[in-house]
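The values are calculated or read from the model by the stated rules, or taken from the named source; none is laboratory data. None of these values were measured; they are calculated from a predicted model. Heads up, the Cβs are rebuilt from the backbone with ideal geometry, glycines too, and the neighbour counts pull from every protein chain shown. Side chains included, ligands, DNA and RNA excluded: accessible areas come from the protein's heavy atoms. Shrake-Rupley method; radii C 1.70, N 1.55, O 1.52, S 1.80 Å.
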Amino acid sequence: MEDKIEKLQKWIDGSKRIVFFGGAGVSTESGIPDFRSVDGLYHQHYKYPPETMLSHSFYVTHTAEFFDFYRAKMLCLDAKPNAAHKKLAELEEAGKLTAVVTQNIDGLHQMAGSKTVYELHGSVHRNYCQRCHALYDAQFMLQSKGIPTCTCGGTIKPDVVLYEEGLNQRTLYGAVEAIEKADMLIIGGTSLAVYPAASLIDYYRGDRLVLINRDATPQDGNADLLIQGSIGEILSQVH
């Protein structure tokens, strides 16, 4: 493990355009549950599967039930950035890291100080009225009852990408461009099982592909450096 950390450090020292691509494993260390681990949402028992309740169809046809689940399971507003979030913000501040591309919707990268963050699946911190487009924060959504309603009478929808919805094209373009220009790509805390997000790493053309994850992923064989373990513990050893 020490050899791998040394190699990671050496590569970071020699890079100027690092991009970090991360998933739920980055946020679980801040106490936010993921979907696919043993104690994740997929293994908890609800009336409907989580992917059904977080789908566009369910939002339209079972709006009140959608918001009950959303408030209970998707709004983790007490969570704080962990060592991984903080180290990535440090690397950006030092002029090493050019962008964070994340599948998470919790806003913890920005809370830690990261400036260039491409949120592929949106953010719980942005909510808008579907009628007049007025904006509301996450605290409003958490404290709302039933279906959150704007002063104009419209339904307030979270700016998160639900199942059956497409990714924001501007965000997608920015993420692809950052990955294409990267001289080092660090993938961390993701099973690389969610598409189309996982396919973005195919745009990386360099020879410093680092994969840090607790469990095996479909891309392990393609990594130039594979480190299995806690993303926070590993990145906190980088200077």
Please enumerate the residues belonging to segment 222-235 that are at pLDDT 95 or above and either touching a strand residue (DSSP E or B) at 6+ places or on another chain (Cβ under 6 Å) or over 16 Å from residue 22 (Cα atoms) (or both). 223, 224, 225, 226, 227, 231, 234
Which one of these is over 23 Å from residue 201 (Cβ atoms), surrounded by fewer than 17 Cβ atoms within 10 Å (Cβ to Cβ) and modelled with pLDDT of 95 or more: 2, 6? 6
For residue 166, which of the numbered conditions (1) under 17 Å from the mean Cα position of the chain (by Cα); (2) more than 20 Å from residue 75 (Cα to Cα); (3) touching a residue at least 24 places away in the same chain (Cβ under 8 Å) fails to hold? (3)
Of all residues in segment 112-135 being over 30 Å from residue 236 (Cβ atoms) and of a type in the set (S, T, N, Q), the one that is surrounded by the fewest Cβ atoms within 10 Å (Cβ to Cβ): 130
Can you say whether residue 195 is open to solvent by 30 Å² or more (accessible area, probe 1.4 Å) and not hydrophobic (A, V, I, L, M, F, W, C), as far as the supplied structure shows? yes
Just checking, how many residues over segment 118-135 are out of contact with any Ser or Thr (no Cβ under 9 Å at 6 or more places or on another chain), touching a residue at least 24 places away in the same chain (Cβ under 8 Å) and among the hydrophobic types (A, V, I, L, M, F, W, C)? 1
Subset tally (residues that are under 26 Å from residue 18 (Cα atoms) and of a type in the set (S, T, N, Q)) for segment 140-177: 3
Looking only at segment 198-222, which residues are without any contact (Cβ under 8 Å) to a residue 24 or more places away in the chain and open to solvent by less than 60 Å² (accessible area, probe 1.4 Å)? 198, 199, 220
Inspect all residues belonging to segment 41-56 and state whether any of them is modelled with pLDDT of 95 or more, of a type outside the set (Asp, Glu) and either surrounded by fewer than 15 Cβ atoms within 10 Å (Cβ to Cβ) or not in a loop (DSSP other than H, G, I, E, B) (or both). yes
Checking residue 106 against (1) over 14 Å from the mean Cα position of the chain (by Cα); (2) acidic (Asp, Glu); (3) surrounded by 22 or more Cβ atoms within 10 Å (Cβ to Cβ), which test does it fail? (1)
Segment 152-173, subset hydrophobic (A, V, I, L, M, F, W, C) and surrounded by 15 or more Cβ atoms within 10 Å (Cβ to Cβ), residue farthest from residue 120 (Cα to Cα): 156
In the set 89, 99, 83, 138, the lone residue that is more than 30 Å from residue 49 (Cα to Cα), in contact with a strand residue (DSSP E or B) (Cβ under 7 Å, 6 or more places away or on another chain), surrounded by 17 or more Cβ atoms within 10 Å (Cβ to Cβ) and touching a residue at least 12 places away in the same chain (Cβ under 8 Å) is 99
Pick from segment 61-77 the residues that are of a type outside the set (Ser, Thr, Tyr), open to solvent by 20 Å² or more (accessible area, probe 1.4 Å) and in contact (Cβ under 8 Å) with a residue 40 or more places away in the chain: which of them is farthest from residue 236 (Cα to Cα)? 64
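Is it the case that segment 22-31 has a residue that's assigned to a loop (DSSP other than H, G, I, E, B), open to solvent by 10 Å² or more (accessible area, probe 1.4 Å) and within 28 Å of residue 178 (Cα to Cα)?
First pass over segment 22-31, keeping only residues assigned to a loop (DSSP other than H, G, I, E, B): 23, 29-31.
In the following step, the residues that additionally are open to solvent by 10 Å² or more (accessible area, probe 1.4 Å) were identified as 29-31.
Retained after the next criterion (residues that are within 28 Å of residue 178 (Cα to Cα)): 29-30.
Yes, there is a match, as at least one residue in segment 22-31 is assigned to a loop (DSSP other than H, G, I, E, B), open to solvent by 10 Å² or more (accessible area, probe 1.4 Å) and within 28 Å of residue 178 (Cα to Cα).
Helices (runs of 4 or more DSSP H) wholly in segment 96-190 with at least 1 residues that are at pLDDT 95 or above, farther than 17 Å from residue 25 by Cα and of a type in the set (Val, Ile, Thr) - which ones?
169-181
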